[in-house]
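Colleague: Pasting in a structure now, in structure tokens, and then I'll have a few things to ask.
Taken together, the values in this text are just the output of simple stated rules run on the coordinates, not laboratory data. Note that this is a predicted model, so its numbers are computed, not measured. Backbone-built Cβ (ideal geometry, glycine too); neighbour counts: all protein chains shown.
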Amino acid sequence: MKLLVTGGAGFIGSNFVRYFLREHPEDEVVNLDALTYAGNLENLSDIEGDPRYTFVHGSITDRDLVFDLVKDVDAIVNFAAESHVDRSILDADAFVKTNVLGTLVLLDAALAHGKKRFHHVSTDEVFGSLGPDDPAFDENTPYAPRNPYSASKAASDHLVRAYFHTHGLPITISNCSNNYGPYHFPEKMIPLFISNLKEGKTVPVYGDGLQIRDWIYVEDHCSGVDAVLQKGKIGETYTLGDDNEVKNLDLTKTMIGLLGLSEDRIEFVKDRPGHDRRYATNSSKAREELGWEAKTTLEEGLRLTIDWYEDHKEWSDRCKSGAYKEYYEKNYGSK
């Protein structure tokens, strides 16, 4: 198989590229990434010499480029997305362009070149916010996005399903819970908190910190996407999560404890507008149909993540300073 992975220089995408090449030694990957602020080619510097791997700099909104790439691949896995909720609240324009219009371009290309296999990576945030006694999100949960980011992802999911029902395009969708692990851009909660705690700073907890999330170690998510790609039923959606609810405050205290620090490092800050109160996932369909489940416990995953950031402080520092952007020019020439 020759696979086009979009957004493969980002956090989850880069982990998936590495995972896929490791698990499928006979296959090839073409990585298309626009290298926006979260796209970092240093994430994949260890596989640049692999003849099965090709990087292409460009956007999924570039119709000519996408159509040219799709004609030579067997399948598409779409990770490309603007994904930071706070940024979407400040300016939603880029989120609609990439997440909605970019997905449309990919779908059109897949359709035009013989109905290529298309897997779309989405989020559990499209389902909105759960009450304390509501059942966990699953494949039948109605969509109710509550911020511009999740609204744009919901729109892209609907487009993907529409191309299945209207055109017979062979699609699958996965809605995943919050990811964490290596190469997570340092503005996101877990790497930001690790960085702040290691530097002697406080960690900012929104509101009362009682918002509930289901966190999944990124390697487990990658194996789930691969399972859907290989075994998923065409036209179906699969919820991928750890089925493990944890309050933001408790997660923060766990990280502080793993680092041997005091809870006086917690700083409560004004809550985010429209902050969803609770996410939870039910991955029973993926377990039953695909034989997949998350294998990494939260504490084990947090230990692995903390160790990784301790061993890759230079990577984190370069992300925070913006120096990582120089990697492209140094290794690939000017943009």
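Colleague: Just the residues that are crowded, with 20+ Cβ neighbours inside 10 Å and either outside any helix (DSSP H, G or I) or of a type in the set (A, V, I, L, M) (or both), please, taken from the stretch 239-254.
Modeller: If the condition is that a residue be crowded, with 20+ Cβ neighbours inside 10 Å and either outside any helix (DSSP H, G or I) or of a type in the set (A, V, I, L, M) (or both), then T239, L240, G241, D242, L251 are the ones that fit.
Colleague: Could we say that T103 is under 28 Å from Y327 (Cα atoms), under 19 Å from the mean Cα position of the chain (by Cα) and surrounded by fewer than 17 Cβ atoms within 10 Å (Cβ to Cβ) here?
Modeller: No: the conditions fail for T103.
Colleague: Across the stretch 57-71, what is the total count of residues that are farther than 14 Å from L111 by Cα, touching a residue at least 60 places away in the same chain (Cβ under 8 Å) and buried (at least 20 other Cβ atoms within 10 Å of the Cβ)?
Modeller: Going through the stretch 57-71 one residue at a time, the tally reaches 0.
Colleague: Could you tell me how many of the residues in the stretch 216-238 are of a type in the set (S, T, N, Q) and part of a strand (DSSP E or B)? Working first, answer last.
Modeller: Filtering the stretch 216-238 down to residues of a type in the set (S, T, N, Q) leaves 223, 230, 237.
Going one step further and asking which of them are part of a strand (DSSP E or B), we end up with 237.
Matching residues across the stretch 216-238 total 1.
Colleague: Only one of these conditions is not met by L130: (1) more than 20 Å from the chain's Cα centre (by Cα); (2) surrounded by 16 or more Cβ atoms within 10 Å (Cβ to Cβ); (3) of a type outside the set (D, E); (4) farther than 18 Å from L240 by Cβ. Which number is it?
Modeller: With (1) more than 20 Å from the chain's Cα centre (by Cα); (2) surrounded by 16 or more Cβ atoms within 10 Å (Cβ to Cβ); (3) of a type outside the set (D, E); (4) farther than 18 Å from L240 by Cβ applied to L130, the lone miss is (4).
Colleague: From the set of residues in the stretch 182-209 that are closer than 15 Å to K270 by Cβ and in a loop (DSSP other than H, G, I, E, B), which is nearest to the chain's Cα centre (by Cα)?
Modeller: Within the stretch 182-209, the match that is nearest to the chain's Cα centre (by Cα) is G209.
Colleague: OK, next. Name the single residue, out of those in the stretch 263-310 being under 28 Å from S150 (Cβ atoms) and of a type in the set (G, A, S), that is surrounded by the fewest Cβ atoms within 10 Å (Cβ to Cβ).
Modeller: G274
Colleague: Just for the stretch 1-40: of the residues that are of a type in the set (D, E, K, R), touching a residue at least 40 places away in the same chain (Cβ under 8 Å) and outside any helix (DSSP H, G or I), which one is farthest from H57 (Cα to Cα)?
Modeller: Filtering the stretch 1-40 for residues that are of a type in the set (D, E, K, R), touching a residue at least 40 places away in the same chain (Cβ under 8 Å) and outside any helix (DSSP H, G or I), the one farthest from H57 (Cα to Cα) comes out as K2.
Colleague: Answer with yes or no whether K313 is surrounded by 13 or more Cβ atoms within 10 Å (Cβ to Cβ), more than 20 Å from the chain's Cα centre (by Cα) and of a type in the set (K, R).
Modeller: No: the conditions fail for K313.
Colleague: Can you find a residue in the stretch 165-174 that is closer than 18 Å to A94 by Cβ and assigned to a helix (DSSP H, G or I)?
Modeller: Within the stretch 165-174, none of the residues are closer than 18 Å to A94 by Cβ and assigned to a helix (DSSP H, G or I).
Table: residues versus (1) acidic (D, E); (2) touching a strand residue (DSSP E or B) at 6+ places or on another chain (Cβ under 8 Å); (3) buried (at least 16 other Cβ atoms within 10 Å of the Cβ); (4) under 30 Å from G114 (Cβ atoms).
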site	(1), (2), (3), (4)
P135	no, no, no, no
N147	no, no, yes, no
V160	no, yes, yes, yes
N175	no, yes, yes, yes
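Colleague: To continue, here is another question. Name the single residue that is farthest from W215 (Cα to Cα) among those in the stretch 255-297 being part of a helix (DSSP H, G or I) and touching a Leu at 6+ places or on another chain (Cβ under 8 Å). Spell out the reasoning first.
Modeller: Taking the stretch 255-297 first, the residues part of a helix (DSSP H, G or I) are 255-258, 263-265, 284-290.
Still in the running and touching a Leu at 6+ places or on another chain (Cβ under 8 Å): 255-256, 258, 265, 286.
On the way: M255: 13, I256: 17, L258: 17, R265: 22, A286: 17 Å.
If we take residues in the stretch 255-297 being part of a helix (DSSP H, G or I) and touching a Leu at 6+ places or on another chain (Cβ under 8 Å), then R265 is farthest from W215 (Cα to Cα).
Colleague: Yes or no: the stretch 40-53 includes at least one residue that is within 25 Å of T123 (Cα to Cα) and in contact with a Pro (Cβ under 9 Å, 6 or more places away or on another chain).
Modeller: Looking for residues that are within 25 Å of T123 (Cα to Cα) and in contact with a Pro (Cβ under 9 Å, 6 or more places away or on another chain), one finds at least one in the stretch 40-53, hence yes.
Colleague: Tell me which of these G260 doesn't satisfy, since it passes every other one: (1) small (G, A, S); (2) buried (at least 16 other Cβ atoms within 10 Å of the Cβ); (3) free of Cβ contacts under 8 Å to residues at least 40 places away in the same chain.
Modeller: (2)
Listed here are the residues, each with its yes/no results for (1) under 25 Å from P170 (Cα atoms); (2) among the hydrophobic types (A, V, I, L, M, F, W, C).
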| residue | (1), (2) |
| --- | --- |
| R18 | yes, no |
| H57 | no, no |
| F67 | yes, yes |
| D74 | yes, no |
